[in-house]
1. If you work out Rg/Rh (Cα atoms, Kirkwood Rh) from the coordinates, which of (1) 1.03; (2) 1.67; (3) 1.13 do you get?
2. Mean separation of Cα pairs under 8 Å and 6+ residues apart, divided by the residue count of the chain: what relative contact order is that in percent?
3. Would you calculate a helix-derived [θ] at 222 nm for the chain, using -39,500 (n - 2.57) for each DSSP H run of n ≥ 4 and dividing by the full residue count, to the nearest 500?
Amino acid sequence: MSPEMLDNLYDLAMNSTNEMVRLQASSRILSYNVSAAAQEQKIDMNVKHGFGDFLARTNARHNVIEGTST
C-alpha cells in the first residue's frame with residue numbers, strides 16, 4: 001500500500017462523518033497490517049512399520065534396480 005493511500009485511509013478513518021466509511025477505512029488499514037491466523041493442520045504420525053521393515057523394503061528395491069533380486 002502506498003504512503004499516499006495509507007494517508008487517505010487514515011484521514012477517512014479519523015475524520016469522515018459517515019460511520020460506515022470510518023469502519024471500512026479502519027478495516028482496510030488493519031487488513032494490511034494484521035496477518036490472518038495460521039490454519040490448523042493435522043498430521044498423522046502413526047507409524048505402522050518398523051525401521052527393520054523399511055530397510056528390508058529398501059534393500060528389495062535396490063536389488064530390483066541392480067538386477068540382483070533373488
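Bear in mind these aren't lab numbers, they're just calculated from the coordinates by the rules spelled out. Keep in mind that this is a model prediction, so the values were computed, not measured.
1. It is the one labelled (2).
2. It comes to 19 percent, rounded to a whole number.
3. Values: 3 runs with 44 residues, N = 70.
Mean residue ellipticity, 222 nm, calculated: -20500 deg cm²/dmol.
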